Structures are given as structure tokens and as C-alpha cells.
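Laboratory data are not the source of any read-out in this text; all were calculated from the coordinates shown. Here the structure is a predicted model, which means the values were calculated and not measured. Counting neighbours? That spans all protein chains shown, and the Cβs are built from the backbone with ideal geometry, glycine included.
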Amino acid sequence: MSLAKSPKVFRPTGFGSTSIFSRCYSQQQHKVPARLSQPLPKGTWDSHMHVVDPVRYKLAADAKYKPHAHTLEDAKTFYSQFGIHNMVLVQPSIYGNDNSCMLDALKELTPRHGRAIVGLDPHTIDEATLRHWHKLGVRGARVNLVSVGREVTESELRSELHAYARILKPLDWVLQLYIPLKLATPLENIVPDLGLKVCIDHFGWPTMPDPYHPTQAILPYKMPGFESLVTLLQKRTWVKLSAPYRLSKDPDMRDMDPIGQELIKEAKDRVVYATDWPHTRFDGVDSVPFIERCFEWCGNDPELVEKLFRDNAEELWDASPA
């Protein structure tokens, strides 16, 4: 792959925009979901959720927003509607590298039902802390460019990811990336040299056509970075099918169909389902329509459904079968 000689700056897109979902749901909280057409597989994992409590755990000084409290007890109430007991807690940007809130929740979950993805500085973290976290159930660290609006060159991205890889590889942790889809193109050159598992958030974070027209064809391979994402998924990279409401410009999520279907078709062993609960800044989102969409993308094939909701997550997060 030929690259431009001058540094190319990649700017996150789509963050902070107001979608139809935010207009519909911004004033609701912890909405009770409708009933699913079929039960989720036993042992289902939610591979991406957050716990936040701004009263008990102080937010970072540069936090971009202040959410309501969404505690582990709130999460358990939500998941009880679906029979989900296994969850991956992800460090939200509003806490920076202070993982206290999340780790306290993880201790309560125990490694049997919980995993966590921390925020950290790879240049200052010590080995003893990493090993302690590992015993608690931590299995990865997150690089979040989108939420904080960071811009990076390919060289900067390479240097940063290699710094993370050096500390994550000894523990066989996952490097989780929240990046714009177009960054998948330089990742093709970077990931093979990292030597560890990589997981990319939220469908790879594509920029969807706005406004959406039902007669307009959505062509994933025309989106910068999508072909590279599919290539990455053939090896040690996973992608989360999560947070469609942050991306979609259609209340029925029809614009997400070609992307979800193609990712499952091309990488059935490298897709994991996630709710993105508590849907910060989109409070009250009903998770049922997206789950039903996932069933449809799997063609209601039991094997594919089990891979998406359970089996792939067990492999990715080093979790024992239920």
C-alpha cells in the first residue's frame, strides 16, 4: 500500500452531532425494553457498557459531559430484562485514566461474569498494577480518539499503539480502539506488527450519509476504511456491533443493514455484540430493536447468533464458557 510522504492528519468525525436518536430519547432514562422475539443465547456477553457515578467518583477535569449516575445495580436491572449476566465494563472518557468507579464495579461482578477495559498511560503504568488488575478481570486497555476529538498522523498512531502493545502483550490483553473508520486504512500496516488482539468499537465508527433516504443505496465498500476493516478482521482483530444510534441517521436503523450484514458475512468469528449501556447522552434507548436487527443480520441462524452474542466474546475476552 502506497502512502503519502507528508504526514496525514486523521480527524475524528461524527462526534457531538445530534442524531434523530438523541432528539427522541435525550430526556428518558432506563426505559424498560420490549420483549424479544427469541431469547438470547445462554451465557451472552455484552461486550461494551459503562458504569458512572459522578457523585461518588469525581469526573476528570476535562470531561466533555456530565452524565447522570448509572450504577452497576442499574445495569443489573437493565440486563435482567434480557437474561444477560456477563458484561465488559469499558472505561469512559469522562474519567480519564482514573478507573476507580469501573474497577469497584468489576470487583462486585467478579471475573466469572465481568471483564474490564481500562484507561491508562502506557509510559507510566507499572507491572504490579497491571497484574493486580488482571486478577480482577481486566483484559484490555482503550485508546479513545473519537470522544476527545484527537487528531493523529499515521506515524503518531503507530508510535502510540506500539507503546500500548509493549505492556499489553505479556498479559495477552486486548487493545481496544475507538477511532474513525478511515483510520482502518493505516491500521492495516500497523496491526500486524503489534502481536496482540485488537478490538474496534462501534462498527468501526463509519460516517453515515445524512440525511438518510430509503431509496439511497448504502455501499459499505465506498466508505473510506471499510475494506481495510474487513481485511483486518481476517486475523486478530474483532469489531463490536454496538451503539448504532450514535451512527444511524434513520430511526429504524435501515442504513446500518448493509454494514452489519457484511461484517457478519465476512467475519463471523470476529464480531461481538454490545449494548453501549447506559447510552450516555442518548438516555432511554430501547435495546430490543437493535438486538432484533442482529438476529436478522445473522439470518436467524442459531450458530451465527451464538457466535455474535457469546462464543466470539469468550475468545476475545479470555472468558470461560458459561
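Towards the positive end of the charge dipole of the stretch 36-317, with charges on Cβ (+1 Lys, Arg; -1 Asp, Glu), say which of 177, 204, 260 has the farthest Cα.
Working it through, the farthest residue towards the positive pole turns out to be 177.
By a straight-distance test (C-alpha under 17 Å), which lysines pair with residue 42 as possible cross-link partners, with residues fewer than eight away in the same chain excluded?
List returned: 76, 307.
Taking a threshold of 30 Å on the Cα-Cα distance, which of the pairs 107/265; 107/240; 197/265 fall above it?
With Cα atoms farther than 30 Å apart: 107/265.
State, as an integer percentage, the relative contact order of the chain based on alpha-carbon contacts under 8 Å between residues 6 or more apart.
Value for the chain: 24 percent.
Between beta-carbons, use under 10 Å as the cut-off and find the net charge around residue 57, counting Lys and Arg +1, Asp and Glu -1.
Spelling it out: positives minus negatives among the neighbours equals -1.
Which of the trypsin sites (Lys or Arg not before Pro) found in the stretch 137-180 are loop residues per DSSP with 16 or fewer other Cβ atoms within 10 Å of their Cβ?
Details: sites: 139, 142, 150, 158, 166; in loops: 150.
Passing both the DSSP loop test and the Cβ count: 150.
With +1 on the Cβ of every Lys and Arg and -1 on the Cβ of every Asp and Glu, and nothing else charged, how large is the dipole of the stretch 221-271 about its Cα centre, in debye rounded to the nearest 20?
260 debye
By counting other Cβ atoms within 10 Å of each Cβ, how are 230, 138, 55 ranked from fewest to most?
With the fewest neighbours first, 230, 138, 55 line up as 55, 230, 138.
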